[in-house]
Amino acid sequence: MIPIGDDLALDERELEESFIRASGPGGQNVNKVASAVQLRFDLSHSRSLPEPVRVRLARLAGRRLSQEGVLVITAQRYRSQERNRADALARLVALIRRAAEPPRPRRPTRPSAASRERRLAGKARHARLKQQRGMRSDEV
């Protein structure tokens with residue numbers, strides 16, 4: 001089990017790793033060794049995460065979420081496969097931690113009296129300016 005928070009843990013069996021060739025630094029080695037890691041987490045069928053966390057995680061994942069509901073994280077920052085594996089796992093855990101925090105409820109607010117006054121003064125100034133554009137000195 002991979003600990004996420006106090007009462008949340010991720011089962012390692014739900015993760016699938018595959019290794020691909022990375023772009024970027026590595027010299028001749030980059031063409032021979034599959035050092036980049038693709039970490040796949042089937043979000044739609046996960047039993048480790050509660051439903052509200054899964055919904056928030058799907059929203060946070062964005063383009064990393066496939067049509068089938070699989071979250072794909074590609075790590076190729078480092079030259080070694082081991083460091084890329086750790087990086088991909090750390091990024092997944094950080095994303096799940098962000099999704100595990102419930103959003104703060106929005107409290108409706110009202111504009112202050114001073115801000116309403118400034119808005120109305122600006123509108124009046126703009127109206128006067130537009131009105132002056134139409135006037136000609138010979139027509140007055």
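Rule-based calculations on the coordinates, nothing more; no lab input. Given the structure is predicted, the values throughout are model-derived calculations rather than measurements. Using ideal geometry, Cβ is built from the backbone for each residue, glycine included, and neighbour counts are taken over all protein chains shown.
See the values below:
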| read-out | value |
| --- | --- |
| Between 0 and 90°, nearest 10: helix 81-100 axis offset from the chain longest Cα axis | 50 degrees |
| Exposure proxy order (Cβ contacts within 10 Å, fewest to most) of ARG85, ARG13, ARG63 | ARG63, ARG13, ARG85 |
| Debye equation applied to the C-alpha atoms of the chain, log10 I(q)/I(0) at 0.18, 0.21 Å⁻¹ | -1.03, -1.22 |
